[in-house]
């Protein structure tokens, strides 16, 4: 059984997408990041970076004590290896998937996240910051679009690289016109139509029907963190 510590963010969706695809038994444990539940001592023992998602695998392959992990990319890699799904076993296929998984973790996620912050949440509209991150998001969309011109998914077959990237492609929030990226649009539609993706996003609605950050207290918790929160 996988205990999934989760909230309805792009990084959270990655894990429910994988778990629904593989039908690996899991229990959803919501962590409301807008009210500060990510700072609870019991959660920090699992996720010292006070971020979701995190997991506890109560039945790890080595037969030992329950194993906890944080960081969505590391969790996807762990679960892919545990199940033998969505990560090729051969050297070259594995390398292809891992390149694009780390590309998402180091590029698409952080840059799109900054796009969201300055365009939607910052207390003042800073034109330079908005322009910077909208353009960088567009560049990253273009990288994906070019990659997908001659293949169905980022590394050929559907993989954890696609699951990692899909939740971060939100053109209506990121100042992008998906008609500029036809191959990316086709990829996005194909993943959206997968039954496991639909189940994953249905679970999200059960947990948090209105995933918005519009009150001052939640914004202070999410965007006002400094060194003092690490305790």
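Going by the structure shown, is residue 179 within 19 Å of the chain's Cα centre (by Cα) and either closer than 23 Å to residue 130 by Cα or not assigned by TED's automatic domain parsing to the domain that holds residue 22 (or both)?
no
Looking at this structure, is residue 34 under 18 Å from residue 8 (Cβ atoms) and either in contact with a strand residue (DSSP E or B) (Cβ under 7 Å, 6 or more places away or on another chain) or in a loop (DSSP other than H, G, I, E, B) (or both)?
Values: under 18 Å from residue 8 (Cβ atoms): yes; either in contact with a strand residue (DSSP E or B) (Cβ under 7 Å, 6 or more places away or on another chain) or in a loop (DSSP other than H, G, I, E, B) (or both): yes.
Against the criterion (under 18 Å from residue 8 (Cβ atoms) and either in contact with a strand residue (DSSP E or B) (Cβ under 7 Å, 6 or more places away or on another chain) or in a loop (DSSP other than H, G, I, E, B) (or both)), residue 34 qualifies.
Answer yes if at least one residue in the stretch 61-79 is out of contact with any strand residue (DSSP E or B) (no Cβ under 9 Å at 6 or more places or on another chain), outside any loop (DSSP other than H, G, I, E, B), touching a residue at least 24 places away in the same chain (Cβ under 8 Å) and farther than 23 Å from residue 202 by Cβ, and no otherwise.
yes
Restricting attention to the stretch 89-125, which residues are exposed (fewer than 13 other Cβ atoms within 10 Å of the Cβ) and under 19 Å from residue 180 (Cβ atoms)?
Once the filter is applied, which keeps residues that are exposed (fewer than 13 other Cβ atoms within 10 Å of the Cβ) and under 19 Å from residue 180 (Cβ atoms), the stretch 89-125 yields nothing.
Anything in the stretch 144-160 that is assigned to a helix (DSSP H, G or I) and either touching a helix residue (DSSP H, G or I) at 6+ places or on another chain (Cβ under 8 Å) or buried (at least 17 other Cβ atoms within 10 Å of the Cβ) (or both)? List them, or say none.
So in the stretch 144-160, the residues assigned to a helix (DSSP H, G or I) come out as 144-150, 160.
The answer is 144, 145, 146, 147, 148, 149, 160.
Being surrounded by 15 or more Cβ atoms within 10 Å (Cβ to Cβ), at negative phi and either outside any loop (DSSP other than H, G, I, E, B) or touching a helix residue (DSSP H, G or I) at 6+ places or on another chain (Cβ under 6 Å) (or both): is that true of residue 128 here?
Values: surrounded by 15 or more Cβ atoms within 10 Å (Cβ to Cβ): no; at negative phi: yes; either outside any loop (DSSP other than H, G, I, E, B) or touching a helix residue (DSSP H, G or I) at 6+ places or on another chain (Cβ under 6 Å) (or both): yes.
No: the conditions fail for residue 128.
From 24, 19, grab the single residue that is in a helix (DSSP H, G or I), within 19 Å of residue 200 (Cβ to Cβ) and modelled with pLDDT of 95 or more.
Working: 24 fails: in a helix (DSSP H, G or I).
One residue alone meets the criteria, 19.
From the list 205, 219, which residue is within 19 Å of the chain's Cα centre (by Cα), assigned to a helix (DSSP H, G or I) and modelled with pLDDT under 95?
205 is the lone residue from the list that is within 19 Å of the chain's Cα centre (by Cα), assigned to a helix (DSSP H, G or I) and modelled with pLDDT under 95.
Sort out which residues of the stretch 48-60 are within 19 Å of the chain's Cα centre (by Cα), over 12 Å from residue 15 (Cβ atoms) and in a loop (DSSP other than H, G, I, E, B), and write them in order of number.
48, 49, 50, 51
Please identify the pairs in which a residue from the stretch 40-54 that is free of Cβ contacts under 8 Å to residues at least 24 places away in the same chain has its Cβ atom under 9 Å from the Cβ atom of a residue that is buried (at least 19 other Cβ atoms within 10 Å of the Cβ) and in a helix (DSSP H, G or I), counting only partners at least 6 apart or on another chain.
Every condition considered, the pairs that remain are 44/38.
Could you count how many residues in the stretch 6-18 are surrounded by fewer than 24 Cβ atoms within 10 Å (Cβ to Cβ) and either in contact with a strand residue (DSSP E or B) (Cβ under 7 Å, 6 or more places away or on another chain) or not assigned by TED's automatic domain parsing to the domain that holds residue 50 (or both)?
Matching residues across the stretch 6-18 total 1.
In the stretch 151-180, how many residues are within 16 Å of residue 103 (Cβ to Cβ) and modelled with pLDDT of 95 or more?
Start the filter on the stretch 151-180 by keeping residues that are within 16 Å of residue 103 (Cβ to Cβ), which leaves 151, 153-156, 159-169.
Now restrict to residues that are modelled with pLDDT of 95 or more: 151, 153-155, 159-169.
Count: 15.
Filter the stretch 21-55 for residues that are over 17 Å from residue 68 (Cβ atoms), crowded, with 17+ Cβ neighbours inside 10 Å and out of contact with any helix residue (DSSP H, G or I) (no Cβ under 6 Å at 6 or more places or on another chain) and give the result.
33
The values are calculated or read from the model by the stated rules, or taken from the named source; none is laboratory data. All values derive from a computational prediction rather than experimental measurement. Backbone-built Cβ (ideal geometry, glycine too); neighbour counts: all protein chains shown.
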